[in-house]
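What follows is a single structure, written as structure tokens, with notes after it.
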Ligand code: ZN
């Protein structure tokens, strides 16, 4: 079959801190407590089926087995990325994720993630990193629950980008709408949950031992703004991050811009505006809120129109 870009049906996850703002992005959410829309996922906790075309209804993993050349991944690899939109009507718990080595030893998956802030209420903030100078003081603060001393709170605005490597203490704050691009993983060690209780009066579990074992010390720092840019016909490209797991570029498209040839698939998240993706004799309209999979084998692909989008690509480890 001829390759074509895939759109997916999102999977919604209810959370105690979730809200109803995903409705404003056009999602038919089932309640007013939806915290996450998983928009591109092959994770067992919420796989997103293909929405349109001959492959409609299939899971990404199935498409991968049928058309491995669309993905450009090593043989036997699983789909490596997960894209979500997070609506924080309340503060998310303070948490940390393990790296592949720690998680792998426990049958789990490591998680490095990145956030693009889609919307921020005035005064909204995140927690990113900690102030402890060494492991001893880190562990003492965590055991004593000295969160005010330990955690670093940072105000954020719409359009901000944060890279959150595994081992970074972090929390998304109330009033934020965030696009998250991450490793395909659902492994979270919850550190502090503001002593909240659920509808049945119970607190959610904490995972302090694992959290202390994986939290990096000294803490990673948020990258300073001012990303490398490059121009190409029809687009300005801002290089947000290239880490061991993924690369993310922000494209400002005005006119028609060719996509670079890539040995792997690309994911496109449209942040603002609209346009289309063109390939061979075909075209697919895209607009704000769309998330697409672009096969590695899509020939002569270009994007055109007037829109802002994030392109994400997996990084294949050569080790
Ligand atoms: Zn996280």
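What is the extension gain from residue 136 to residue 105, computed as 0.36 nm multiplied by their sequence separation minus the C-alpha to C-alpha distance, in nm to one decimal? Provide the component values of the computation, followed by the final result.
Values: separation 31, 0.36 × 31 = 11.16 nm, distance 2.44 nm.
8.7 nm is the gain from fully extending residue 136 to residue 105.
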Answer rounded, prolate or oblate for the range 150-189, using the Cα gyration tensor with square roots of eigenvalues a ≥ b ≥ c: rounded when a/c is under 1.5, else prolate when a/b is larger than b/c, else oblate. oblate
For the range 138-171 versus the range 255-319, the gap between their alpha-carbon centres in whole angstrom: 33 Å
Calculated from DSSP helices alone, with each H run of at least 4 adding -39500 (n - 2.57) and the total divided by the residues of the chain, [θ]222 nm to the nearest 500 comes to -2500 deg cm²/dmol
Counting alpha carbon pairs within less than 8 Å and at least 6 residues apart, what relative contact order, in whole percent, applies to the range 228-314? 36 percent
Ratio Rg/Rh, restricted to the range 228-314 and using Cα atoms, in which Rh is the Kirkwood radius: 0.93
What distance in nm separates the two pseudo spin-label positions at residue 45 and residue 209, each 7 Å out from Cα along the beta-carbon direction? 2.0 nm
Under a crude label model (7 Å from the Cα following the beta-carbon direction), how far is residue 274 from residue 288 in nanometres? 1.1 nm
The range 1-85, relative contact order in percent, only Cα pairs under 8 angstrom and at least six apart counted: 30 percent
FRET efficiency for residue 299 and residue 28 from the Cβ-Cβ distance with R0 = 41 Å, rounded to 0.05, comes out at 0.75
Calculate the spin-label point distance for residue 152 paired with residue 233, positioning each point 7 Å from the Cα along the beta-carbon direction, and give it in nanometres. 4.4 nm
Taking Cα pairs under 8 Å and at least six residues apart, what relative contact order does the range 6-214 come out at, in percent? 24 percent
Give the residues of the range 14-32 whose amide nitrogen is closer than 19 Å to a point set 7 Å from the Cα of residue 199 in the direction of its Cβ. 14-21, 29-32
Using Cα atoms only, what is the angle between the long axis of helix 135-144 and the major principal axis of the chain, expressed in degrees (0 to 90) to the nearest 10? 70 degrees
Viscosity 1.306 mPa s, temperature 10 °C, Stokes-Einstein D of the range 6-214 from Kirkwood C-alpha radius, µm²/s: 87 µm²/s
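Bear in mind these aren't lab numbers, they're just calculated from the coordinates by the rules spelled out. Just so it is clear, the structure is predicted and the values come from calculations on it, not from any experiment. Virtual Cβ from ideal backbone geometry, glycine too; neighbours counted across all protein chains shown.
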